[in-house]
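What follows is one structure encoded as structure tokens, with my remarks underneath.
The values are calculated or read from the model by the stated rules, or taken from the named source; none is laboratory data. Since the model is a prediction, treat every value here as computed from it, not as a measurement. For neighbour counting, all protein chains shown are included, and Cβ atoms are generated from backbone atoms with ideal geometry for every residue, glycine included.
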Amino acid sequence: MFKTGILNPALNSLLSRARHTNTLVISDRGFPFWPMIETIDLTLVDNIPTVLDVIRAIRPNFIIGHVSMAEEFLKNNTSDIQNQFREALSDIPIDFEPHITFKKRVPSALGLIRTADTIQYANMIIESA
């Protein structure tokens, strides 16, 4: 039995299967369901857990080479929220693209991790290094 690290068996399995350049989506609670890709739903109640909770939990053991987010994240969130994301993703390149372009890339992801985040456009596509 695991004592530390990712304890959720489905999430642990998904992360363990990611290889070089595979992508995973970490989404907020309102992100659309994509039946063609594996989805790990971690939602409990509003904001438990958040996208940043998941990022902080996986970073110690998952090498992220690149992150993509929607441009709308910058337009719809305060500088404080944006700084929290930049801090959690320190040293990882982040590209911003139109949300419609972002969503078109989702089906090619290895899986989707759904959170209960209520921050608008908090979704991200992480690419393994």
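Filter the range 43-52 down to the residues that are surrounded by 14 or more Cβ atoms within 10 Å (Cβ to Cβ) and either more than 17 Å from Phe73 (Cβ to Cβ) or among the hydroxyl-bearing types (Ser, Thr, Tyr) (or both) and list them by number.
First pass over the range 43-52, keeping only residues surrounded by 14 or more Cβ atoms within 10 Å (Cβ to Cβ): 43, 47, 49-52.
Scanning the range 43-52 gives Thr43, Pro49, Thr50.
Any residue in the range 6-28 that's buried (at least 16 other Cβ atoms within 10 Å of the Cβ): show its pairings with residues that are basic (Lys, Arg) at Cβ separation under 6 Å, as long as the two are six or more apart or on different chains.
Pairs found: Ser27/Arg114.
Give the residues of the range 1-23 that are closer than 17 Å to Ser128 by Cβ and touching a strand residue (DSSP E or B) at 6+ places or on another chain (Cβ under 7 Å), sorted by residue number.
Correct list: Leu11, Leu14, Ala18, Arg19, His20, Thr21, Asn22, Thr23.
Please find, among Phe31, Phe85, the residue that is out of contact with any Ser or Thr (no Cβ under 8 Å at 6 or more places or on another chain), of a type in the set (A, V, I, L, M, F, W, C) and either part of a helix (DSSP H, G or I) or free of Cβ contacts under 8 Å to residues at least 12 places away in the same chain (or both).
On inspection, the qualifying residue turns out to be Phe85.
Just to verify a result, which residue in the range 99-129, among those that are assigned to a loop (DSSP other than H, G, I, E, B) and over 21 Å from Thr78 (Cβ atoms), is farthest from the chain's Cα centre (by Cα)? Full working, then the answer.
Of all residues in the range 99-129, those assigned to a loop (DSSP other than H, G, I, E, B) come to 109-110, 115-123, 129.
From the residues that got through so far, the ones that are over 21 Å from Thr78 (Cβ atoms) too are 109-110, 129.
Details: Ala109: 11, Leu110: 12, Ala129: 15 Å.
Selected residue: Ala129.
Please go through the range 54-76 and pick out each residue that is buried (at least 17 other Cβ atoms within 10 Å of the Cβ) and within 22 Å of Lys103 (Cα to Cα).
Those that are buried (at least 17 other Cβ atoms within 10 Å of the Cβ) and within 22 Å of Lys103 (Cα to Cα): Val54, Ile55, Ile64, Val67, Ser68, Met69, Ala70, Glu72, Phe73.
I'd like to verify a number: residues in the range 88-97 that are in a loop (DSSP other than H, G, I, E, B) and surrounded by 13 or more Cβ atoms within 10 Å (Cβ to Cβ), how many? Even if it seems obvious, please write down each step before you answer.
First, the residues of the range 88-97 that are in a loop (DSSP other than H, G, I, E, B): 89-93.
Right, trim to surrounded by 13 or more Cβ atoms within 10 Å (Cβ to Cβ) and you get 89, 92.
Total meeting the criteria: 2.
When the range 104-129 is examined, which residues are found to be of a type in the set (Lys, Arg) and crowded, with 21+ Cβ neighbours inside 10 Å?
The answer is Arg114, and nothing else.
Looking at the range 103-112, is at least one residue under 16 Å from Asp28 (Cα atoms), without any contact (Cβ under 8 Å) to a residue 60 or more places away in the chain and of a type outside the set (Asp, Glu)?
Scanning the range 103-112, I find no residue that is under 16 Å from Asp28 (Cα atoms), without any contact (Cβ under 8 Å) to a residue 60 or more places away in the chain and of a type outside the set (Asp, Glu), so the answer is no.
Pick out the one residue from Leu14, Leu24, Leu74 that is part of a helix (DSSP H, G or I), in contact with a Gly (Cβ under 7 Å, 6 or more places away or on another chain) and at pLDDT 95 or above. Full working, then the answer.
On the way: Leu24 fails: part of a helix (DSSP H, G or I); Leu74 fails: in contact with a Gly (Cβ under 7 Å, 6 or more places away or on another chain).
Step by step, each of Leu14, Leu24, Leu74 is checked, and only Leu14 is part of a helix (DSSP H, G or I), in contact with a Gly (Cβ under 7 Å, 6 or more places away or on another chain) and at pLDDT 95 or above.
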